[in-house]
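Participant: Here you go, one structure.
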Amino acid sequence: MRARLLVCYAYTSNYVVSPYLVPAALALETEEESSVPPPGGQCKYPTELSRVERIDRYSIINMVVRRLCGLAGGSAVLVAAAAVYAESRDSFGEKSGEQRTRRWGAIGSLYAAQKWRAGTDETEPRKGRWDSNWDRREPAYQTNGKKRGTDANDTELFVENKKPKATRHILLIRHSQYNLNGHSDKDRTLTGLGQEQAELTGQRLATLGLKYDVLIHSSMTRAVETANIISKYIPGVQKVSCDLLREGAPIEPDPPINHWKPDSVQYYEDGARIEAAFRRYIHRAETNQLEDTYEIIICHANVIRYFVCRALQFPSEGWLRMGLNHGSITWLTIRPSGRVTLRTLGDSGFMPAEKVTRS
């Protein structure tokens, strides 16, 4: 029996290849430990193998390759596997069809288990990969293809100087309970309970002992009133009003719900505005920011839920699967590398149970 080695490559989206052989499979397939003749004689191969022995060998090879595929499937590194198959001999007594089936059995297992290079027809590209340039502030992408120097060192220095150094902490606060019966925005003021909720949220922010840099709020009445109450507990913090943060329909939710169905034009108009708000406020620190910041944004449930999905790179259509209480705190942290952490989502545990409301 003559052994033949076939190397099968698996690609990632980086289009780099790295082969790893499977010596165990080779040892299983070849009868002798080495092809070097032993002293005093030639290597001798068996002239006859039972059908059971042949099947067992191919089964073991198949198993080895499957195991390698399993390890490779959960790794971002490049993977390759090798399988060994036997060149047929007349003494084996196999038909040509059986030979081809068994030769490619292990390779077929590898092919089916791996995800191949993006852009081919074999499988869909791997989903769920983190986009490091999600906010278009990744230093490596800011060269714009322009030549920054005469050598690679100049480009590396440019990228290094563009790297942020500080962390941004963004506390997203939903406005307090308001009058749902108002005919216009100016009539939808905070209820008595809503004012109490804002007081409790302000006290919570004060007890955290953080140095807040700015308080940005939606220009809608209920958000303005909430911000005015909270600001009493964090004196000296600048307040900024922003129309982009007004409530709206960011994107059609999936799955849809029956009791809330805005017109498609509302998604079209509100979605662009809320996405603009996200791009303005949710991003890593600028290069010239040297210290960590704590920023408060008081707005609305739909806006906050959309921001969370976008920042974590979850499907934006899932924003309505989350619920937020009035006056609750959602805390996002954005590291200099661009990585985002959700520290709290809709925290209202600082409120007594009888003060907690959602609608």
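Participant: Sort 293, 287 by accessible area with a 1.4 Å probe, largest first.
Facilitator: Numbers: 293 20, 287 45 Å².
The residues order as 287, 293, largest area first.
Participant: Out of every Cα pair in segment 213-293, what percent are spaced more than 19 Å from each other?
Facilitator: Considering segment 213-293, 54 percent of its Cα-Cα pairs are separated by more than 19 Å.
Participant: Here's another thing I want to ask about it. Whole-Hz ³J(HN,Hα) for each residue in segment 208-219, computed from phi via Karplus 6.51 cos²θ - 1.76 cosθ + 1.60 with θ = phi - 60°, x for glycine and proline: what do you get?
Facilitator: Once rounded to whole Hz, the list reads 5, x, 9, 8, 7, 9, 7, 10, 9, 9, 5, 7.
Participant: When the chain is fully extended, how far beyond the present Cα-Cα distance does residue 313 get from residue 353, taking 0.36 nm per residue of separation?
Facilitator: Here the answer is 11.2 nm.
Participant: Averaging over all projection directions, find the projected area of the Cα convex hull of segment 232-350 and quote it in nm² with one decimal place.
Facilitator: With every direction weighted equally, the projected area is 8.8 nm².
Participant: In sequence order, what are the phi-derived ³J(HN,Hα) couplings for segment 275-287 according to the Karplus relation 6.51 cos²θ - 1.76 cosθ + 1.60 with θ = phi - 60°, rounded to whole Hz, with x for glycine and proline?
Facilitator: So the Karplus estimates, Gly and Pro as x, are 5, 5, 5, 4, 5, 6, 10, 10, 6, 5, 5, 6, 4 Hz.
Participant: For segment 228-238, just list the computed ³J(HN,Hα) in residue order, Karplus coefficients 6.51, -1.76 and 1.60, θ = phi - 60°, integers in Hz, with x standing in for Gly and Pro.
Facilitator: The phi angles translate into 5, 5, 5, 4, 5, 8, 10, x, x, 8, 5 Hz.
Participant: Moving on. Take the Cα coordinates of segment 157-216, assign each an equal point scatterer, and use the Debye formula without solvent to give log10 I(q)/I(0) at q = 0.25, 0.28, 0.30 Å⁻¹.
Facilitator: For segment 157-216, the Cα-only Debye profile gives -1.07, -1.15, -1.21.
Participant: In addition: Measuring with a 1.4 Å probe in the full set of protein chains, what accessible area per residue, in whole Å², belongs to segment 262-359?
Facilitator: Numbers: 4500 Å² over 98 residues.
Each residue of segment 262-359 exposes 46 Å² on average to a 1.4 Å probe.
Participant: Give the long-range amide H neighbours of residue 177: residues separated by 5 or more places, or on another chain, with amide H under 5 Å away, using H modelled in the peptide plane at 1.01 Å from N.
Facilitator: Residues meeting the criterion, in which the H sits 1.01 Å from N, are 194.
Participant: At q = 0.31 Å⁻¹, what log₁₀ I(q)/I(0) does a Debye calculation on the Cα points of segment 191-241 give, no solvent, two decimals?
Facilitator: For the requested q values the scattering log ratios are -1.26.
Participant: Mind grabbing the accessible area of residue 290 for me, 1.4 Å probe, Å², rounded to tens?
Facilitator: Here the residue's solvent-accessible area equals roughly 130 Å².
Participant: Rounded to the nearest Å, what's the spacing between the alpha carbon centres of segment 282-359 and segment 210-261? Just the number, please.
Facilitator: 11
Participant: Then there's this: Points 7 angstrom from Cα along the Cβ direction at residue 242 and residue 186: gap in nanometres?
Facilitator: Distance between label points: 2.6 nm.
Participant: Which peptide among 322-328, 171-177, 135-141 comes first, and what is the full order, when sorted by highest mean count of other Cβ atoms within 10 Å? Write down the numbers at each step before the final one.
Facilitator: Details: 322-328: 22.3, 171-177: 27.1, 135-141: 15.4.
Answer by packing, highest mean first, reads 171-177, 322-328, 135-141.
Participant: Would any residue of segment 309-352 have its amide N under 20 Å from a label point 7 Å out along Cα→Cβ of residue 232? List them or say none.
Facilitator: 326-329, 350-352
Participant: Sorted by accessible area with a 1.4 angstrom probe, largest first, how do 247, 354, 317 fall?
Facilitator: 354, 317, 247
The values are calculated or read from the model by the stated rules, or taken from the named source; none is laboratory data. Remember, predicted model here, so these are calculated numbers, not experimental data. Ideal geometry is used to build each Cβ from the backbone, glycine not excepted, and the neighbour counts take in all protein chains shown. Keep in mind that these areas ignore ligands, DNA and RNA; they rest on the heavy atoms of the full protein, side chains included. Shrake-Rupley method; radii C 1.70, N 1.55, O 1.52, S 1.80 Å.
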